[in-house]
Amino acid sequence: MRMSKLLMPTLREVPAEAEITSHKLMLRAGMIRRLAAGIYSYLPLGIRTLKKVEEIVREEMDNAGAQELLMPALLPAEAYQASGRWEVFGASMFKMKDRYERDYCLGPTHEELFTQAVIDNVKSYKEYPMTLYQIQTKYRDEGRPRFGVMRSREFVMKDAYSFDLNDAGLDESYRKMYDAYCKIFKRLGLDFTIVDADSGAMGGSGSQEFMVKSPVGEDGIAYCDACGYAANYEKAECIPQEKPFEDGDFDIEKIHTANAHTIEELVSFLGAEPYNFAKTIIYKADDKYIAAMVRGDREINEVKLKNLVGCIDDLELAEPFMVKQLTNAEVGFAGPVGLEIPVYADKEVAMMKNFIVGANETDMHYKNVNINKDFTPVQVADIRVIEEGDVCPKCGQPIKTAQGIEVGHIFKLGTKYSDSLGLQYLDEDGKSKTVTMGCYGIGVTRCLAAAIEQNNDEKGIIWPVSIAPYQVMVIPVNSKIEEQVSKAEEIYEELKAQGIDALIDDRNERAGVKFNDADLIGIPVRIVVGKKCGEGIVEYKLRSEAEAAEKTIDDAIKSAVEFVKSNI
């Protein structure tokens, strides 16, 4: 491709809307442009990279025996209503009515539709197992779209679904997808970690996420170097840790704590340790209100809490006016004693003695409170967030934590959707049995952002060869010198002849502009044709390395071809 013909509107300044590196560089490199909040157009460099990611995904899915098809994005409500997810997705699902007042949505995911396709088209148990997939645009009405294509309202996803006769078959299909995902992310040049995860709205018996460690990741990862345990914060099991508490059978006592709303303020006011307190948070869970308790130095894991209480739609903090109505106190003074809504307590709260809680009265707290003496929770469970240094649930060594970007997620769905939609088969004895399913997703557009987050410097993107929009860039230093132009053209044509995606900067621009653009858009190999081209010498440079080297034209071409083909 000739840069003089390429639509590549690079930017010198960082756009105000961009918060993270990948978003900034995708805009500056002319890969994407924002159309509305969470909605982006892909320009030529962006679409080339996107298609290369798709092709790697497609090749490895095909190699694993999966079959590609394509479902509509505009979907009737009936299948989602049958599975119960028409309500579960809540406000995140784009819903609409057609001219006949029938309900439709823009597909957020396709478990129900793939299940229906198998019901309609598979007639014999002998056709199982099978795995079907698609690469398609999904739609989710994110409450806060941010970080460019990392969290957008329209995105490209690969979703696959396996159909097996039994759990043993599901285990084998799941293993194949696990292996295929490892190959995909390695080929994409991503440094990834596999973690146990919460299944969320997808349901099922178990799942794992493929996470790219990054400080801008929105997901927390807990991992153990000693045994290899890894889980995201939503799933990571917390082993209760004992703390020293004052023994003795003391009477509960109300104390005045003026203007001490937070644990930090209470610690300072009372001269106690954070773990001497148990904080009580009021939530709205669907259409009811609940209270959740954790130790004062801990945080509530809202996903664990949502799963525990069986929340179908939303779990959200109660509004201040409702907190006051339920507790007779301002926010910051809620407590479990005498509270008339269900109380859920973390396991560590059950280990506490003579601790301090809000008294459900503004500026007042209780001390010497004990569980099952002064209040009784409806359930005690692990509802806290794991922290750095906590005990590994697998081997007991200290846990480490990091932030990560979820790029893939695989689920063992079991019979959740086949039961609700009626996907069954007749076995060889003529008995009716339920098909067992798995679900496997990759955020294709998110992979682009993750690759940039892991591969960049102060000059721009450093693309892995496998997904670079072009693999080699040829730059004649001075476009007014015929010898440089003709040699650059020869190199460009030879690279294309050898199957390389080559780009030539034939623009009438200063050398500095050309070099800056080359670094910004991140082409892996750069061949610069300058003053020594008459001697058959050019400059050869890898984008990932600081230093350039002089090579003969033939050696430069050979090196570029070998580098590309060994890293593709």
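The values are calculated or read from the model by the stated rules, or taken from the named source; none is laboratory data. What you see is a predicted model; the values in this text were computed from it and never measured. Heads up, the Cβs are rebuilt from the backbone with ideal geometry, glycines too, and the neighbour counts pull from every protein chain shown. Heavy atoms of the whole protein, side chains included, go into the accessibility calculation; ligands, DNA and RNA do not. Shrake-Rupley method; radii C 1.70, N 1.55, O 1.52, S 1.80 Å.
Among the residues of segment 397-430, those that are over 26 Å from SER22 (Cβ atoms), in a strand (DSSP E or B), open to solvent by less than 30 Å² (accessible area, probe 1.4 Å) and not hydroxyl-bearing (Ser, Thr, Tyr) comprise PHE411, LEU413, GLY414.
Close Cβ contacts (under 6 Å, 6 or more residues apart or on different chains) running from residues in segment 235-261 that are under 22 Å from ASP363 (Cβ atoms) and open to solvent by less than 50 Å² (accessible area, probe 1.4 Å) to residues that are outside any loop (DSSP other than H, G, I, E, B) and basic (Lys, Arg) comprise ILE255/LYS367. Can you pull out the residues in segment 509-557 that are touching a residue at least 60 places away in the same chain (Cβ under 8 Å) and farther than 24 Å from LEU45 by Cβ? Within segment 509-557, ILE553 is the sole residue that qualifies.
Per the listing LYS394, LYS433, the residue uniquely in contact (Cβ under 8 Å) with a residue 40 or more places away in the chain, in a strand (DSSP E or B) and open to solvent by 30 Å² or more (accessible area, probe 1.4 Å) is LYS433.
Among the conditions (1) more than 20 Å from MET93 (Cβ to Cβ); (2) surrounded by fewer than 16 Cβ atoms within 10 Å (Cβ to Cβ); (3) at pLDDT 95 or above, the only one that THR137 does not satisfy is (1).
All conditions but one from (1) more than 17 Å from VAL212 (Cα to Cα); (2) of a type in the set (A, V, I, L, M); (3) open to solvent by 20 Å² or more (accessible area, probe 1.4 Å); (4) part of a strand (DSSP E or B) apply to ALA168; the one that does not is (4). Within segment 207-234, being charged (D, E, K, R) and open to solvent by 60 Å² or more (accessible area, probe 1.4 Å) holds for LYS213, GLU218, ASP225, GLU234.
Please return the ranges of strands (runs of 3 or more DSSP E) entirely within segment 481-568 where 1 or more residues are modelled with pLDDT of 95 or more and open to solvent by 50 Å² or more (accessible area, probe 1.4 Å).
Working: elements: 502-504, 525-529, 537-542, 549-552.
Answer list for segment 481-568: 537-542, 549-552.
Return yes or no: is TYR366 open to solvent by 20 Å² or more (accessible area, probe 1.4 Å), modelled with pLDDT of 95 or more, farther than 24 Å from PHE269 by Cα and assigned to a strand (DSSP E or B)? Spell out the reasoning first.
Details: open to solvent by 20 Å² or more (accessible area, probe 1.4 Å): yes; modelled with pLDDT of 95 or more: yes; farther than 24 Å from PHE269 by Cα: no; assigned to a strand (DSSP E or B): yes.
Criteria not met by TYR366.
The numbered conditions (1) assigned to a strand (DSSP E or B); (2) farther than 20 Å from GLN116 by Cα; (3) touching a residue at least 40 places away in the same chain (Cβ under 8 Å) are all true for LYS158 except (2). Is there a residue in segment 176-198 that is closer than 30 Å to ILE568 by Cα, in a helix (DSSP H, G or I) and either at pLDDT below 95 or β-branched (Val, Ile, Thr) (or both)? There is at least one residue in segment 176-198 that is closer than 30 Å to ILE568 by Cα, in a helix (DSSP H, G or I) and either at pLDDT below 95 or β-branched (Val, Ile, Thr) (or both). Check ALA18 against each of (1) surrounded by fewer than 13 Cβ atoms within 10 Å (Cβ to Cβ); (2) assigned to a loop (DSSP other than H, G, I, E, B); (3) in contact (Cβ under 8 Å) with a residue 40 or more places away in the chain and name the one condition it does not meet. With (1) surrounded by fewer than 13 Cβ atoms within 10 Å (Cβ to Cβ); (2) assigned to a loop (DSSP other than H, G, I, E, B); (3) in contact (Cβ under 8 Å) with a residue 40 or more places away in the chain applied to ALA18, the lone miss is (1).
Number of residues in segment 171-196 that are open to solvent by 30 Å² or more (accessible area, probe 1.4 Å) and closer than 19 Å to SER418 by Cβ equals 2. Here LEU188 fulfils each of the conditions (1) under 26 Å from GLU60 (Cβ atoms); (2) free of Cβ contacts under 8 Å to residues at least 60 places away in the same chain apart from (2).
Within segment 290-326, how many residues are over 30 Å from ILE239 (Cβ atoms) and at pLDDT 95 or above? It would help to see each step written out before you state the result.
Restricting attention to segment 290-326, the residues satisfying the condition of being over 30 Å from ILE239 (Cβ atoms) are 313, 319-326.
Among the residues that remain, those that are also at pLDDT 95 or above are: 319-326.
Residues flagged as over 30 Å from ILE239 (Cβ atoms) and at pLDDT 95 or above within segment 290-326 amount to 8.
A count restricted to segment 105-125 and to residues that are surrounded by fewer than 15 Cβ atoms within 10 Å (Cβ to Cβ) and either touching a strand residue (DSSP E or B) at 6+ places or on another chain (Cβ under 7 Å) or on the phi > 0 side of the Ramachandran plot (or both) stands at 1.
None of VAL477, VAL472, VAL525, VAL564 is of a type in the set (Val, Ile, Thr) and farther than 19 Å from ARG48 by Cα except VAL477.
Of the residues making up segment 449-462, those that are open to solvent by 10 Å² or more (accessible area, probe 1.4 Å) and within 22 Å of the chain's Cα centre (by Cα) are GLU453, GLN454, ASN455, ASN456, ILE462.
Restricting to segment 340-359, name every residue that is more than 33 Å from the chain's Cα centre (by Cα) and crowded, with 22+ Cβ neighbours inside 10 Å. Working first, answer last.
Taking segment 340-359 first, the residues more than 33 Å from the chain's Cα centre (by Cα) are 340-341, 350-359.
Selection gives MET352, PHE355, ILE356, VAL357, GLY358, ALA359.
Looking across segment 340-358, just one residue is in contact with an Asp or Glu (Cβ under 9 Å, 6 or more places away or on another chain), assigned to a strand (DSSP E or B) and closer than 13 Å to ASN276 by Cα, and that is VAL357.
Where residues in segment 374-391 are in contact with a strand residue (DSSP E or B) (Cβ under 6 Å, 6 or more places away or on another chain), of a type outside the set (S, T, N, Q) and in a strand (DSSP E or B), which of them is surrounded by the most Cβ atoms within 10 Å (Cβ to Cβ)? Only one residue tops the list, namely ARG384. Among residues of segment 469-498 that are touching a residue at least 12 places away in the same chain (Cβ under 8 Å), those with a Cβ under 6 angstrom from a residue that is open to solvent by less than 60 Å² (accessible area, probe 1.4 Å) and of a type in the set (Phe, Trp, Tyr), sequence gap 6+ or separate chain, pair up as VAL474/TYR492. With respect to the conditions (1) in contact with a Ser or Thr (Cβ under 7 Å, 6 or more places away or on another chain); (2) under 20 Å from PRO108 (Cβ atoms); (3) surrounded by 22 or more Cβ atoms within 10 Å (Cβ to Cβ), ILE467 falls short on a single one, namely (2). Just so you know, in segment 444-468 the residues that are touching a residue at least 24 places away in the same chain (Cβ under 8 Å) and in a loop (DSSP other than H, G, I, E, B) include one that is farthest from PHE155 (Cα to Cα), and it is LYS459.
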